[in-house]
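First comes the structure, then the notes that go with it.
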């Protein structure tokens with residue numbers, strides 16, 4: 001790599017991208033080969049050696065202490081004391097260093113902000129600041145956009161450009177082709193642990209996808225028109241608060257029919273998360289009703305909702321979707337472990353669980369060394385495939401998928417999208433919530449747009465992106481021939497947009513910075 005170069009490392013989930021960079025950062029020891037820095041071999045016993053050699057790394061899963069401030073997290077591992085007196089940390093100096101680095105690279109980070117109170121995009125900036133205060137010349141960014149909203153992603157790309165202009169070299173690990181084409185100077189593609197090719201940013205998405213997967217990949221969703229049936233999920237007048245008792249969902253009406261995909265679009269933080277959590281029994285409702293096949297289910301515990309025939313892919317797989325210390329096989333039966341053929345009560349049947357796991361691993365192409373491996377050791381995309389495999393491996397009335405392909409490579413996206421459409425085509429009602437507008441447009445038969453806790457329009461997937469974008473910004477069309485419908489999905493695609501948006505709920509999607 002050259003100074004001031006952004007080198008993209010592209011590959012499928014489980015291809016070895018993060019493993020390779022963990023070797024470069026000193027976390028793993030290589031079995032063969034060597035690392036050369038300025039033409040000289042470099043032996044790394046640990047991350048401290050890498051940092052001393054000018055190599056820093058921002059991991060996909062942040063290495064921050066939630067209850068500490070930004071400055072306290074930045075000084076961890078490189079603590080400096082006042083006047084050389086042991087036990088008295090120089091927090092003022094740490095705050096000053098954070099402010100200086102933040103100003104120099106236009107990172108806009110408050111040294112006194114507490115990590116757990118910061119949006120995920122700002123937390124990522126903290127990790128970058130932490131690396132830059134160590135005066136690194138090479139910065140490794142491991143899947144940096146996997147958990148970011150589109151707005152946060154664009155801000156990160158701007159930060160990367162400023163780092164490049166300052167002479168920093170960046171290794172950008174990703175599987176998002178659009179981001180690679182937008183930011184990279186060079187591209188290396190690896191597949192199953194081997195370099196399979198290099199490319200320039202002028203290469204087409206189809207060419208890059210084929211290099212990654214080893215075959216041609218459909219980057220658009222292949223589906224026939226839906227044939228909607230009976231109403232399965234009906235939400236009426238739903239009102240929900242967020243964790244800070246601020247109104248997040250303000251009188252939402254929705255209907256999802258059997259055999260259709262209803263997509264929910266909107267900028268992150270406009271009530272989508274709270275809406276889904278309320279439907280799933282993970283969050284209390286203040287008003288309104290939720291019915292499944294005509295039966296009221298609001299107020300039910302989540303386990304009962306799942307048992308009623310609802311499949312659920314949560315937004316945050318690490319927190320709500322998996323038990324990372326459990327094996328892949330155990331995670332594949334988390335919601336049915338106590339039912340035949342896997343068990344009865346507390347008595348499990350390991351042979352049945354293992355047999356089912358082997359089948360699911362093969363069917364969903366989960367890259368793991370063994371069904372007995374801890375699921376936390378898998379790449380993020382393979383963890384996502386475990387959740388999708390679990391939820392689609394039983395008969396469903398309703399399938400709810402929140403950010404179903406977050407952190408997933410193009411080959412796996414193609415597969416997950418095909419599974420969603422397959423579920424629709426067997427008559428299941430499907431609700432997809434995604435911050436990726438292309439994903440919503442590709443999968444949905446109808447699109448509900450949320451803004452400030454309300455649904456301000458229902459449109460068809462053939463609606464121009466610009467029009468959907470305006471709705472996402474809270475701008476409803478004034479003309480009589482507008483395609484947007486009222487703030488209820490029960491009447492289909494005809495009607496006028498109505499209602500005035502409630503005050504914006506506070507949250508990550510509505511905060512500029514800490």
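FYI, it's all coordinate maths here, none of it is from the lab. All values reported here derive from a predicted model rather than from experimental measurement. Heads up, the Cβs are rebuilt from the backbone with ideal geometry, glycines too, and the neighbour counts pull from every protein chain shown.
So the values come out like this:
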quantity	calculated
Spatial separation of Cα centroids for the range 112-142 and the range 228-300, in angstrom	35
Most to least packed among 290-300, 253-263, 238-248 [average Cβ atoms within 10 Å]	253-263, 238-248, 290-300
Length-normalised contact order for the chain - Cα pairs under 8 Å, 6+ apart - percent	17
Antiparallel bridges, percent of DSSP beta bridges restricted to the chain (to nearest 5)	45
Spacing of the two label points (7 Å from each Cα toward its C-beta) at residue 367 and residue 117, in nm	4.0
Cα-only Debye scattering, the chain: base-10 log of I(q)/I(0) at q = 0.09 Å⁻¹	-0.69
Taking the range 6-213 and dividing mean pair separation by its residue count, relative contact order in percent (alpha carbons under 8 Å, at least six apart)	31
Helix 350-363 vs. the chain, principal-axis angle (Cα, 0 to 90°, nearest 10)	80
Added length on full extension, which subtracts the Cα-Cα distance from 0.36 nm per residue, residue 194 to residue 106	28.0 nm
The range 318-393: proportion of alpha-carbon pairs further apart than 20 angstrom, %	21
Length gained when the stretch residue 36-residue 49 is fully extended (0.36 nm per residue, less Cα-Cα span)	3.3 nm
Those residues of the range 1-27 whose amide nitrogen sits under 19 Å from the label point placed on residue 63, 7 Å along Cα→Cβ	17-27
Hull-based mean projected area of the range 180-291, where the convex hull spans the alpha carbons, in square nanometres	11.2
Degrees separating the helix 150-165 axis from the principal Cα axis of the chain, which is the longest one	20
Stokes-Einstein D (µm²/s) once Rh is taken as the Kirkwood radius of the range 301-428 over alpha-carbon pairs, at 37 °C in 0.692 mPa s	223
Relative contact order [Cα under 8 Å, 6+ residues apart], the range 308-423, whole percent	37
Highest to lowest packing among 220-232, 432-444, 175-187, 33-45, scored as the average C-beta count within 10 Å	432-444, 175-187, 220-232, 33-45
Longest to shortest principal axis, alpha-carbon extents of the range 6-213, angstrom	57, 40, 28
Spread of Cα-to-Cα distances over 10 Å intervals beginning at zero, given as percent, for the range 407-475	18, 48, 29, 5
